[in-house]
Amino acid sequence: MVTDAIFMSLKVYGIAIVISVLVAVLIKVMVSATGRMEKTKPLDMPTGTVCPIGPGVPDEDVAALSAAIYAAIGAHHILHIAPTSHGWAAGARASQHSHTPGPTGRGPR
C-alpha cells in the first residue's frame, strides 16, 4: 500500500517534470521567434509636404498631432485636420438634462 503511494507520487512528479520541460521549450521557441521579428528593418519615415491647414490651427499643433498619430498607428497619411460640428453632442446633452418624463409615459417616481 505504501509502495503504491510512492510509485503514484513518482509518476505525478515525472509528469510535472515533463510538462515543465515542454513549457520551457515552448517559451524558448517563442522568445527566439519574437527576437527575430524585432530584428527586421524598421520602416522609413515618409517625407513630403504638410497638407494645408485651416485658419486658426497653429503649425505646432499640426506637427504634434502628426507625430502622435504616426507613433500610434504607423505611416498613414493625414488628409485633413479641422474642427468638427458638435450639434449632435448638444442635442444628446439637452436630452440627458431634461426633467420631463420620457416616451414611456411612466411619469415621476
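The values are calculated or read from the model by the stated rules, or taken from the named source; none is laboratory data. Predicted model only: the values in this text are computed from it and were never measured.
Values as computed for the structure displayed
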read-out: Residue check, ILE81 modelled with pLDDT of 80 or more and within 26 Å of the chain's Cα centre (by Cα); value: no
read-out: Selection within segment 10-33 - modelled with pLDDT of 95 or more and of a type in the set (Gly, Ala, Ser); value: GLY14, ALA16, SER20, ALA24
